[in-house]
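Bear in mind that the values in this text are calculations on the coordinates, not laboratory data. Being a predicted model, the structure only gives us computed values, none of them experimental. Please note: Cβ atoms are built from the backbone with ideal geometry, for glycine as well, and neighbour counts cover all protein chains shown.
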Ligand SMILES: Nc1nc2c(c(=O)[nH]1)N[C@H]1C(S)=C(S)[C@@H](COP(=O)(O)OP(=O)(O)OC[C@H]3O[C@@H](n4cnc5c(=O)[nH]c(N)nc54)[C@H](O)[C@@H]3O)O[C@H]1N2
Ligand SMILES: Nc1nc2c(c(=O)[nH]1)N[C@H]1C(S)=C(S)[C@@H](COP(=O)(O)OP(=O)(O)OC[C@H]3O[C@@H](n4cnc5c(=O)[nH]c(N)nc54)[C@H](O)[C@@H]3O)O[C@H]1N2
Ligand SMILES: [Mo]
């Protein structure tokens with residue numbers, strides 16, 4: 001086999017630091033991608049795989065959710081997409097022998113990088129209470145055990161079902177049905193930690209929790225503001241779109257505490273020009289904002305526009321404001337009251353510069369604001385995003401070409417999962433439609449989001465946890481609390497492709513259900529199945545993997561969920577149960593209570609169970625799509641609209657017809673008091689972010705090429721003047737200690753040990769370090785107002801010298 005063996009753990013203090021790069025992508029990126037692909041997959045499989053990424057008859061890249069252009073390149077992938085694919089299509093395997101050789105205690109001693117490097121999971125495994133090793137278990141036994149465990153729980157709200165954003169629409173739709181069939185809305189997902197603030201702010205103000213722009217709008221925009229986002233690493237294909245916009249004359253303003261390489265300069269590997277002439281400068285203006293200062297920036301822009309309107313007129317789109325919005329006067333009043341001094345203090349940017357930025361927005365005929373985690377993971381993220389919307393509304397920049405909001409989503413199907421019902425606060429309309437389709441009654445009480453689920457687990461209120469993908473233990477805040485919380489759960493079950501920390505920090509009993517990934521061929525019922533995903537811009541398309549799966553013993557996510565539904569909800573062969581082909585027919589007979597009691601399982605659940613032909617769904621995913629079509633508006637003619645690589649564009653009121661499904665039917669201006677972080681004396685505000693060599697908790701390698709860091713991840717980037725003031729030298733090894741005032745008023749401390757100090761270009765008082773290593777510092781109760789998202793970009797820390 002032409003692949004390299006996984007590497008061993010390395011000594012993190014050996015990390016090397018060099019100058020950060022100013023140019024992203026280009027030839028080194030392509031070479032690096034090919035090297036990683038080669039190490040994991042060998043040459044032939046690499047070529048076979050990479051040529052199918054994002055092609056019309058190929059599979060959707062499991063990297064990010066950035067959309068593809070209609071006309072595809074031969075190689076429609078980026079360096080980091082290639083790494084994501086290689087990570088999944090690796091030839092390394094984790095099976096029964098691996099688990100026999102490594103005890104659970106030993107595995108706990110390794111980090112997520114080492115665990116992920118071991119390869120693809122190949123067979124179901126169980127860890128019995130008190131056991132030292134996982135042992136193999138047959139599929140049917142494992143699924144029955146899970147179903148029986150769930151059925152024995154009296155209160156369905158004592159179960160939690162997490163979802164990560166790679167799950168297909170088909171699997172996610174069945175999964176939410178399973179959960180609601182059990183009787184709970186406890187469906188926390190990775191979105192709760194990600195774009196929930198965007199969803200909250202946008203739903204309130206424009207009536208849809210999604211972006212309003214298409215790729216074409218990006219190309220057509222006059223001005224693009226990219227705030228709180230590092231596309232060079234996390235959405236590399238977005239750089240091509242920005243480049244295209246620039247070629248048509250657009251201006252780009254990058255807003256970030258860090259001068260990220262991709263935002264400054266981009267070499268497009270798809271065009272010879274990009275490589276030969278040193279690339280395109282992406283950002284015309286780089287605004288090095290104080291962390292958490294973005295609300296101040298957008299208020300400054302709004303204030304400037306309103307002042308200009310008063311002085312000269314013709315700035316505001318009066319017709320739009322009149323016809324489509326409400327709340328304008330209150331907003332104008334609030335912007336009149338906020339002072340320039342406060343705005344300067346919030347942003348760390350001089351008034352003259354803030355006004356220059358305002359002038360750029362004023363001059364732009366169509367503006368798009370793009371953002372990601374730098375805007376969503378703060379305490380005041382929701383008001384910040386409301387102020388982004390305010391600025392766009394002033395000039396009618398929603399619902400027309402080249403203008404709008406563009407929250408750039410993370411996981412490749414996180415948006416689709418929400419569309420098909422992965423949400424702890426489902427709407428009444430959705431539940432009503434679900435009830436009609438499956439002849440049952442879904443629970444109405446809202447469920448737990450991610451942080452609430454952790455609190456419930458911590459307090460012993462959860463008996464069962466299931467993770468549909470993801471790595472709950474490593475991805476969530478307050479690692480020590482989460483690890484303790486997990487251990488209180490009776491049974492934890494993970495449906496996963498790769499080994500991760502959530503498999504080794506478990507409940508009393510634990511089950512791993514290995515599954516197919518995006519790149520794998522999925523043959524069920526003699527036909528090759530395809531699944532669908534939705535990109536960041538609301539376009540749904542099919543994805544079909546072609547590689548031979550890592551083992552013949554792998555079951556797709558869809559099949560796992562369908563079988564669980566069968567075990568829990570089918571009381572057949574009882575003759576009293578109507579054939580499931582009548583699913584959706586309100587006239588059909590519901591099963592009688594006694595019949596189910598006699599079956600000896602799931603009495604409570606099955607007495608109000610959804611009805612469907614579970615086995616048929618498992619072998620023909622188009623039947624699931626038919627259900628989706630009948631439950632969720634916008635999926636009419638689903639099957640034919642995704643044929644031959646076509647995309648189904650979901651309806652979007654604000655984008656399509658300036659229709660705003662808000663409380664008053666208008667796009668809403670809101671008046672939000674200015675908030676920004678106050679950093680106590682001698683402390684720093686730490687943001688936790690991604691390196692260039694990771695996908696969330698999946699660590700590809702220990703380098704962060706663009707930031708000049710190699711061979712280690714335990715670094716903290718600090719302004720050189722702060723290092724001097726705090727009495728440290730570059731290269732010192734320190735502990736990071738976070739400080740949080742708990743609900744009882746006492747200060748709680750959390751510690752992350754052994755980080756190397758790196759002097760870096762970031763505003764005074766701000767610092768940055770990688771996630772997930774620093775999640776231990778993020779207090780569980782430190783969440784964004786309204787959205788409940790952990791404040792991963794704003795943790796108050798002090799640096800502490802180590803004795804050793
Ligand atoms: N290769 C790769 N691709 C990915 C991922 C990955 O891990 N690896 N993850 C995927 C997922 S799930 C997501 S959500 C996205 C994440 O994509 P990003 O949001 O780009 O990811 P982060 O690394 O969290 O970067 C946050 C950026 O915001 C900046 N920032 C931090 N605080 C502030 C602030 O207060 N104001 C402003 N203006 N900027 C700030 C940081 O300096 C950094 O540039 O990427 C997706 N794509
Ligand atoms: N401190 C801090 N914490 C954060 C963030 C931050 O910026 N800072 N970002 C947050 C964000 S934006 C997000 S989205 C979350 C991410 O949280 P998660 O989505 O929970 O984490 P991932 O690391 O993406 O999950 C990786 C695991 O998913 C499994 N997997 C991969 N592909 C598949 C598949 O096709 N099917 C199945 N069943 N399993 C699969 C593999 O086993 C792999 O180990 O983390 C959040 N946590
Ligand atoms: Mo995310």
Inset, instruction - Give me 494, 446, 541 ranked fewest to most by other Cβ atoms within 10 Å of their Cβ, as a rough exposure proxy. - result: 446, 541, 494
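What FRET efficiency comes out for residue 100 versus residue 637 if R0 is 51 angstrom and r is the Cβ-Cβ distance? Round to the nearest 0.05.
About 0.50, to the nearest 0.05.
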Inset, instruction - Could you work out how far apart the two model spin labels at residue 311 and residue 340 are, taking each label as a point 7 Å from the Cα in the direction of the beta carbon, and quote it in nm? - result: 0.9
Inset, instruction - Quick one: angle between helix 139-151 and the longest Cα principal axis of the chain, in degrees between 0 and 90, rounded to 10, please. - result: 80
Legend entry - Relative contact order (%) - criterion: Cα under 8 Å, at least six apart; region: region 684-801: 37
Legend entry - For the chain, share of DSSP beta bridges that run antiparallel, in % to the nearest 5: 45
Inset, instruction - Starting from the Cα of residue 484, step 7 Å toward the Cβ, then list every residue of region 732-758 with an amide N under 19 Å from that point. - result: 737-753
Inset, instruction - Fewest Cβ neighbours within 10 Å first, please rank 111, 217 accordingly. - result: 111, 217
Legend entry - Length-normalised contact order for region 503-571 - Cα pairs under 8 Å, 6+ apart - percent: 31
Inset, instruction - Please tell me the relative contact order of the chain in percent, rounded to the nearest whole number, where contacts are Cα pairs under 8 Å and at least six residues apart. - result: 21
Legend entry - MRE, 222 nm, helices only [DSSP H, n ≥ 4, -39500 (n - 2.57), over the chain, to nearest 500]: -10000 deg cm²/dmol
Inset, instruction - Would you mind ranking 103, 197 so that the residue whose beta carbon has the fewest other beta carbons within 10 Å leads the list? - result: 103, 197
Inset, instruction - Describe numerically, in nm with one decimal, the distance between label points set 7 Å from Cα along Cα→Cβ at residue 91 and at residue 527. - result: 3.4
Inset, instruction - Note down the Stokes-Einstein diffusion coefficient of the chain in µm²/s, whole number, using a Kirkwood radius over alpha carbon pairs, 4 °C, and 1.567 mPa s. - result: 48
Legend entry - Label-point separation, residue 152 to residue 140 (7 Å along Cα→Cβ), nm: 2.1
Inset, instruction - Please give the helix 351-363 orientation as an angle from the longest Cα principal axis of the chain, in degrees from 0 to 90, rounded to the nearest 10. - result: 70
Inset, instruction - Report, in degrees rounded to the nearest 10, the 0 to 90 angle that the Cα long axis of helix 381-394 makes with the longest principal axis of the chain. - result: 60
Inset, instruction - Mark the label point 7 Å from the Cα of residue 739 along Cα→Cβ and return the residues of region 674-688 whose backbone N is within less than 15 Å of it. - result: 678-686
